[in-house]
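What follows draws every value from the coordinates through simple rules; no lab data is involved. All of these numbers come straight from a predicted model, not from anything done at the bench. Quick reminder, even Gly has a Cβ in these numbers, built from the backbone with ideal geometry, and neighbours come from all protein chains shown.
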Amino acid sequence: MHRAGFTRHQVDGIAFYTCDAFDRIPDLRHAFSTRCGELNLGMVPWDAKDRVEHNRFRLLSALGIPKQTLTTLSQIHSSQCHIINKSIAQWDTRIQGDALATSLPGVTVGVLVADCFPVLIAEQKIGAIAAVHAGWRGTLGNIVLKTLEAMERELGLHPRDALVAVGPGIRSCCLEVGSEVDAAFRAEFPETPISVPHGHKFLLDLPLALTAQISKAGVPSSQIFDLGLCTRCHPDCFFSYRAEGKLAGRQMGLLTRICASALSA
Ligand SMILES: [Zn+2]
């Protein structure tokens, strides 16, 4: 697993991170956004829909992605993955779930987060991609493993060919949980200690749990990348639900394969 291997970009007043290994795939565009430039990307009650849509447009423009290609989900902390396999027209953003995968070019898949982890999956041979929303509930429900399995079953992806990037989220320095959550993780990961006692509570290492699951799914550790930045520790850079509660905005992890016609244009 690599902690290095990410680049911070600053374009037109906004900032985002990309994973260098993903950047080497010619037709792939992706990003983990930050809050720099007041870039709230989530439809939260305190922000205006027009402003959020404009912010999404700012990020997509900075990446050279057409704005009408963006697809998102109604996220519910589940382990449900959906595959977009016919056309972008089949997708309804009200559909509930926490992972979106496709091998169609010209479809941008995105997840919204503020402490939960955005996990991006890319593969070059068949061009399969996925965006996953993984908090502690989704991780306990094995959402990344289930997404890789769905991509294998429905798109023909081999996990050994996949690249996986774990974006910004709340890490073991800050993710305090109670004994019930701790016990659930101990049962799910009998061989890997995921948490440490912290007063009467426990500190949970979600990226460690996620990378263990991604390895178990068959992705070589040399192809798993972890940005290593804690959202709670960097309130200047990221939205954090634990730090800001209902006033937290959302950052996005997203990726797409640009259509050949758009590349030559
Ligand atoms: Zn932290």
Where a ≥ b ≥ c are root eigenvalues of the Cα gyration tensor, a/c under 1.5 meaning rounded, otherwise prolate if a/b exceeds b/c and oblate otherwise, segment 1-138 counts as rounded
Stokes-Einstein D for the chain (25 °C, 0.890 mPa s, Kirkwood Rh from Cα pairs), in µm²/s, comes to 134
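How large is the convex hull of the Cα atoms of segment 115-265 per residue, expressed in Å³ as a whole number?
So the per-residue Cα hull volume is 136 Å³.
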In nanometres, the difference between 0.36 nm per residue of separation and the alpha-carbon distance of residue 158 and residue 23 is 46.6 nm
The simple spin-label model distance between residue 149 and residue 221, using points 7 Å out along Cα→Cβ, in nm, is 2.4
Here, segment 26-95 modelled as identical Cα point scatterers in vacuum has Debye log10 I(q)/I(0) at q = 0.22 Å⁻¹ of -1.23
Sequence order, segment 16-28: Karplus ³J(HN,Hα) from phi using 6.51 cos²θ - 1.76 cosθ + 1.60, θ = phi - 60°, Hz rounded, Gly and Pro as x, gives 8, 10, 10, 8, 4, 5, 5, 5, 7, 8, x, 8, 8
Largest fluctuation, 136, 46, 91 only, Gaussian network model of the chain with Cα springs under 10 angstrom, belongs to 46
Contact order relative to length for the chain, counting C-alpha pairs under 8 Å separated by 6 or more residues, stands in percent at 26
Here, residue 126 and residue 201, labelled 7 Å along Cα→Cβ, have an inter-label distance in nm of 4.2
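Quick one: compute the contact order of segment 12-58, relative version, from alpha carbon pairs under 8 angstrom and 6+ residues apart, as a percent.
Computed value for segment 12-58: 33 percent relative contact order.
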Length gained, residue 74-residue 8, 0.36 nm per residue minus C-alpha separation, equals 20.9 nm
Among the DSSP H helices of the chain, those whose Cα atoms extend at least 24 Å along the helix axis and whose mean Kyte-Doolittle hydropathy is -0.5 or higher are none
Comparing 100, 203, 148 in a Gaussian network model of the chain (Cα, 10 Å), the one with the largest mean-square fluctuation is 203
In nm, the gap between the two label points placed 7 Å beyond Cα toward Cβ at residue 192 and residue 38 is 4.0
With 0.36 nm assigned to each residue of separation and the Cα-Cα distance removed, residue 89 to residue 184 gains 30.3 nm
Per its Cα gyration tensor (rounded if a/c is under 1.5, else prolate when a/b beats b/c, else oblate), segment 71-116 is best filed as prolate
